[in-house]
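The values are calculated or read from the model by the stated rules, or taken from the named source; none is laboratory data. All figures in this text were calculated on a predicted structure; none of them were measured in a lab. Accessible surface is based on the protein model in full, side chains and every heavy atom, while ligands, DNA and RNA are left aside. Shrake-Rupley method; radii C 1.70, N 1.55, O 1.52, S 1.80 Å.
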Amino acid sequence: MESGIPDFRSQDGLYHQQYDVPPEVILSHTYYEKQTASFYQFYRNKMICLTAKPNAAHEKLAELEQAGKLKAIVTQNIDGLHQMAGSRNVLELHGSVHRNYCVACGACYDAAWVMQTEGVPHCEKCGAKVKPNVVLYEESLPEKALTEAVTEIGKADLLLVGGTSLTVYPAAGLLRYFSGKYLVLLNRDATPMDEKADLVIRAPIGEVLGQIRV
């Protein structure tokens with residue numbers, strides 16, 4: 001929200017807006033396969049925001065990594081803003097809108113290319129359908145990113161969880177791999193893990209992280 005991109009489950013998120021077809025259905029593998037043109041209409045209108053810029057949270061996390069105080073970022077976001085801010089070790093559990101690939105030959109296209117197409121985008125090399133490299137409902141998380149996330153969480157002394165409702169699995173279940181000293185939850189709304197955290201902060205994540213001095 002602080003970068004101008006709506007989230008999903010907050011009071012003002014996509015899932016609280018009215019559509020003829022619920023977003024959870026549109027963003028499913030089945031809907032993508034059966035209603036690809038309608039899927040792409042929603043994808044272009046609601047999932048891609050090329051004008052979005054990193055906020056204070058993205059910038060501070062990148063600064064912490066560069067200072068050697070942050071080892072990895074595990075994110076469900078698909079907007080690529082962590083990388084834009086300068087973070088290097090970003091584990092994208094749900095993929096990225098900036099990678100869209102041909103289902104036949106594997107050719108990759110960026111988000112700007114998708115925005116310039118109409119209807120269902122097709123590969124310029126072989127003519128096959130192009131699919132976003134984002135994890136849809138009914139699809140599995142990328143094994144490599146998931147494995148690396150488990151490893152990094154397991155090694156952490158302090159785990160900061162920010163900007164998530166902790167209701168989406170399997171991502172929310174990753175907290176069970178944390179055995180370090182301090183669990184900090186930073187979210188505007190309450191989460192199911194608040195009682196197990198060492199510190200709970202309910203405020204905009206950019207506003208809070210922006211105050212950290214590295």
*Using the alpha-carbon atoms, what tilt in degrees (0 to 90, nearest 10) does helix 143-155 show relative to the longest principal axis of the chain?*
10 degrees
*What angle do you read, to the nearest 10 degrees and between 0 and 90, between the alpha-carbon axis of helix 56-66 and the longest principal axis of the chain?*
70 degrees
*For segment 192-214 and segment 64-109, what is the separation of their Cα centres, given in Å?*
22 Å
_Accessible surface of the chain [probe 1.4 Å, protein heavy atoms]: carbon and sulfur percent_ = 49 percent
*Which of 202, 213 is most accessible, then next, and so on - probe 1.4 Å*: 213, 202
*Can you tell me the accessible area per residue over the chain, all protein chains present, probe 1.4 angstrom, in square angstrom?*
56 Å²
*Too long at a 25 Å Cα-Cα cut-off: which of 71/144; 53/125; 69/131; 71/181; 53/144?*
53/125; 69/131; 53/144
*(i) -0.30, -0.68, -1.18; (ii) -0.24, -0.56, -1.06; (iii) -0.33, -0.68, -1.04: which one is log10 I(q)/I(0) by the Debye sum over Cα atoms at q = 0.08, 0.12, 0.16 Å⁻¹ as calculated from this entry?*
(i)
